[in-house]
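Scroll down for the structure; my scribbles are underneath it.
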Amino acid sequence: MSLRPVLIITYYWPPSAGSGVQRWLKFAKYLPDFGWEPVIFTPENPDFELQDLSLEKDISPQLEVIKFPIWEPYGVFRKLKGAPSGDPAKILEKKKNHFWTGLAFG
């Protein structure tokens, strides 16, 4: 019996860490047991701070992973705000009023 292909589009894929990564990593690992052949479509250059290289051991060598370059709007916003690189979620933390934050988020 041949496996039916299924495309999984995800921003979070190893070496990224966190619950979003675990969800798609485990789906990709166990879907073949149920007749599905996952194909992963993920960014080549995502902007994330948390990494867990040990998750890469759960990626099957037979799994097709398609990576594509993306443009990260957080990088532009970070430069305008004068914030250091790091976790994109921290850009939204309210520490002090800043012109660009007010413009972007009211």
Item to check | Subset of the stretch 1-39 (residues that are in contact with a Ser or Thr (Cβ under 7 Å, 6 or more places away or on another chain) and β-branched (Val, Ile, Thr)) | outcome: THR10
Item to check | Inter-residue pairs, beta-carbon under 8 Å, first assigned to a strand (DSSP E or B) and in the stretch 6-20, second polar (S, T, N, Q), 6+ apart | outcome: ILE9/THR42; SER16/GLN51
Item to check | Residue list for the stretch 1-48, filter: more than 16 Å from LEU63 (Cα to Cα) and aliphatic (A, V, I, L, M) | outcome: MET1, ALA17
Item to check | Residues located in the stretch 9-55, provided they are within 14 Å of the chain's Cα centre (by Cα) and more than 29 Å from ARG78 (Cα to Cα) | outcome: LEU25
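Yes/no per residue for (1) surrounded by 15 or more Cβ atoms within 10 Å (Cβ to Cβ); (2) at pLDDT 95 or above; (3) in contact with a helix residue (DSSP H, G or I) (Cβ under 7 Å, 6 or more places away or on another chain):
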site: PRO5; (1), (2), (3): no, yes, no
site: ILE9; (1), (2), (3): no, yes, no
site: ARG23; (1), (2), (3): no, no, no
site: TRP36; (1), (2), (3): yes, yes, no
site: ASN45; (1), (2), (3): no, no, no
site: SER54; (1), (2), (3): no, no, no
site: GLN62; (1), (2), (3): no, no, no
site: ILE70; (1), (2), (3): no, no, no
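The values are calculated or read from the model by the stated rules, or taken from the named source; none is laboratory data. Please read these numbers as outputs of a predicted model, since none were measured by experiment. Glycine gets a Cβ as well: all are built from the backbone with ideal geometry, and neighbour counts include every protein chain shown.
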